[in-house]
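Take a look at the structure below.
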Amino acid sequence: MGCSAGLVAISLAKDLLKVHGNSLALVLSMEAVTSSGYDGKVKSMLLANTLFRMGGVAVLLSNKKNDKLKSKYKLQNLFRTHMGSDDESYQSVFQKGDDTGYVGVSLSRSILRVAANALKTNITELGPYVLPFSEQFLYGWSLITRKKEIYIPNFKKAFEHFCIHAGGKAVIDAVQERLRLSREDGEASRMTLHRFGNTSSSSVWYELGYLEAKGRVKKGDRVWQIGLGSGFKCNSAVWECISELDPNMRNAWSDKIHLYPIQIPDVADH
């Protein structure tokens, strides 16, 4: 299911827990690069060999009442957008064989535009559930009056933290610009990309681990995870922190968190 598979799995686990009482669900999100390596010579398919890195995360979900006392987060909302009915979206990330028979993943030049359209559709569905009425009104009014520039809601009034899929610098930049977020809002994504690379569906969890290790997530805070992936898909998960988190609790960042954030120069700065 591609790089947004982690949130697809959370959606499946959520549905299973609705019909199986007093249960646990274990979700594993990982990237294994060896199985999808490309040995051919087509440049658009070679690119995938350099983008991804090994990584994995395990997430335990529960519907047991007693587990609420020791749980970190509560899942508030989850919305999945699939753009597969559009040919450009469907073919933007596509596994196929080349003329010599080697199988690989082809990445289209239109992928950023496709991702932007998927994100727009997803947040249109998510917005009414998370945004304050004032932001919904401004967005709706811009549609009614048919202004040239549609109002982009201020999602910082709905969320304290953002975990944008670390698919690459261009992806993070595009989502950040689309949502009118600050560079600090994308820090967890950029630092995850810098240290671990694109670990596919597990990247949004590495980002949450970064925020926890920095001691930034407080009880009552809301976290928005945005997963982007082949299909083309855009999936959103909204979590509410329901516990006092200990930043010294060991995770993947513990040994290096004191070194971050670091300054990452733009290509033009080299």
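Out of all DSSP beta bridges in region 2-269, what portion is antiparallel? Express it as a percent rounded to 5.
The antiparallel proportion sits near 85 percent.
Specify whether the C-alpha gyration tensor of the chain places it in the rounded, prolate or oblate class, a ≥ b ≥ c being the square roots of the eigenvalues: rounded for a/c under 1.5, otherwise prolate if a/b is larger than b/c and oblate if not. Intermediate results must be reported in sequence, preceding the final value.
On the way: a/c = 1.38, a/b = 1.16, b/c = 1.19.
In terms of gyration-tensor shape, rounded.
Provide 87, 221 in ascending order of the number of other Cβ atoms located within 10 Å of each residue's Cβ, fewest first.
By the 10 Å Cβ count, ascending: 87, 221.
Nearest 500 deg cm²/dmol is fine: what mean residue ellipticity at 222 nm does the chain get from its DSSP H runs of n ≥ 4 alone, each adding -39,500 (n - 2.57), divided by its residue count?
Details: 8 runs with 91 residues, N = 270.
Here the helix-only value at 222 nm equals -10500 deg cm²/dmol.
Sort region 14-135 into rounded, prolate or oblate with this rule: let a ≥ b ≥ c be the square roots of the eigenvalues of the Cα gyration tensor; rounded if a/c is under 1.5, and if a/c is not under 1.5, prolate when a/b is larger than b/c, oblate otherwise.
oblate
What's the extension gain from residue 154 to residue 219 if we count 0.36 nm per residue and subtract their Cα-Cα distance?
The span from residue 154 to residue 219 would gain 21.2 nm if fully extended.
Mind giving me the FRET efficiency for residue 102 and residue 142? R0 is 41 Å, r the Cβ-Cβ distance, nearest 0.05 is fine. Kindly include the intermediate steps, with their values, before the conclusion.
Working: r = 48 Å, r/R0 = 1.18.
With R0 = 41 Å, the Cβ-Cβ based efficiency is 0.30.
Among 196, 179, 215, which residue has its Cα positioned farthest towards the positive end of the charge dipole of region 177-219, with +1 placed on the Cβ of Lys and Arg, -1 on the Cβ of Asp and Glu, and the dipole taken about the Cα centre?
Looking along the dipole axis, the top candidate is 215.
Magnitude of the Cβ-charge dipole of region 60-182, K/R +1 and D/E -1, about the Cα centre, nearest 20 debye?
With only Lys, Arg, Asp and Glu charged at Cβ, the dipole is about 720 debye.
If you plug each phi of region 244-256 into the Karplus form 6.51 cos²θ - 1.76 cosθ + 1.60 with θ = phi - 60°, what whole-Hz ³J(HN,Hα) values come out, in order, with x for Gly and Pro?
Those phi angles translate into 7, 8, 8, x, 8, 5, 5, 8, 4, 9, 4, 6, 10 Hz.
I need the phi-derived Karplus couplings for region 195-212: 6.51 cos²θ - 1.76 cosθ + 1.60, θ = phi - 60°, integer Hz, Gly and Pro marked x.
So the J values, rounded to whole Hz, are 7, 10, x, 8, 8, 6, 5, 7, 4, 5, 7, 4, 5, 5, x, 4, 4, 5.
So for the pair residue 85, residue 120, with labels modelled 7 Å out along Cα→Cβ, what separation do we get in nm?
Computed distance between label sites residue 85 and residue 120 equals 1.7 nm.
Since every read-out is calculated from the coordinates, none of them should be taken as a lab result. If you're wondering where the values come from, they're calculated on a predicted model, not measured in any experiment. Positions of Cβ are generated from backbone atoms using ideal geometry, with glycine treated the same way; all protein chains shown enter the neighbour counts.
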